[in-house]
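Visitor: Take a look at the following structure, please.
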Amino acid sequence: LADSGCFDEVKRNVKLIVDIAGQKEFRNEFDVVAIRGQTINIFECKTGSLDRLIIDRLRLIKTLSGTYSKIFLVTLYNPAEKSILERIKDFNITLIALDQLDSFLSNLQKSNQLNPNL
């Protein structure tokens, strides 16, 4: 992602720390955060099986991060369970299997060349 040239900034293992009553608390961690212009792109990487809780967590991240955010789920393999695939689609999460990553980056580079505002 960092070498793709598609993003202004790419950070790994971004910790989400919140201030609660003057105490800073670690709440979560994003695997990869990539920023382009006003858009935040959050990449969650999973090596094991996917379950409902993971998808619901990503949906919550999308809700909290707002309109100008995109959520990507990178997995070793495409999940076979139809209900998981439907939830991913319903929540507007982009699923990328590891063997599709090069193709995803190539398409992203092409779309950025055509429209630099993406």
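The values are calculated or read from the model by the stated rules, or taken from the named source; none is laboratory data. All of these numbers come straight from a predicted model, not from anything done at the bench. As a convention, Cβ positions derive from the backbone with ideal geometry for all residues, glycine included, and neighbour counts pool all protein chains shown. Quick note on the areas: whole protein, heavy atoms, side chains included, nothing else; ligands and nucleic acids left out. Shrake-Rupley method; radii C 1.70, N 1.55, O 1.52, S 1.80 Å.
Visitor: Among the residues in the stretch 45-54, are any open to solvent by 30 Å² or more (accessible area, probe 1.4 Å), of a type in the set (Asp, Glu) and part of a loop (DSSP other than H, G, I, E, B)?
Guide: Within the stretch 45-54, one or more residues are open to solvent by 30 Å² or more (accessible area, probe 1.4 Å), of a type in the set (Asp, Glu) and part of a loop (DSSP other than H, G, I, E, B).
Visitor: Here is a follow-up. Among the residues of the stretch 52-60, are any under 17 Å from Ala2 (Cα atoms) and of a type in the set (Lys, Arg)?
Guide: No.
Visitor: Can you pull out the residues in the stretch 64-93 that are among the β-branched types (Val, Ile, Thr) and open to solvent by 100 Å² or more (accessible area, probe 1.4 Å)?
Guide: Residues of the stretch 64-93 among the β-branched types (Val, Ile, Thr): 67, 71, 74-75, 84, 88, 93.
Result: Thr67, single match.
Visitor: Being of a type in the set (Gly, Ala, Ser) and more than 16 Å from the chain's Cα centre (by Cα) is the filter; apply it to the stretch 68-105 and report the residue that is nearest to Val32 (Cα to Cα).
Guide: Ser103
Visitor: Any residue at all in the stretch 89-96 that is among the basic types (Lys, Arg), part of a helix (DSSP H, G or I) and either closer than 22 Å to Asp8 by Cα or out of contact with any helix residue (DSSP H, G or I) (no Cβ under 9 Å at 6 or more places or on another chain) (or both)? Talk me through it step by step, then tell me what you get.
Guide: As a first pass, look at the stretch 89-96 and keep what is among the basic types (Lys, Arg): 89.
Right, trim to part of a helix (DSSP H, G or I) and you get 89.
If we keep only those that are either closer than 22 Å to Asp8 by Cα or out of contact with any helix residue (DSSP H, G or I) (no Cβ under 9 Å at 6 or more places or on another chain) (or both) too, we end up with 89.
Yes: one or more hits.
Visitor: Among (1) under 12 Å from the mean Cα position of the chain (by Cα); (2) at pLDDT 85 or above, there is one condition Cys6 misses while meeting the rest; what is its number?
Guide: Failing condition for Cys6: (1).
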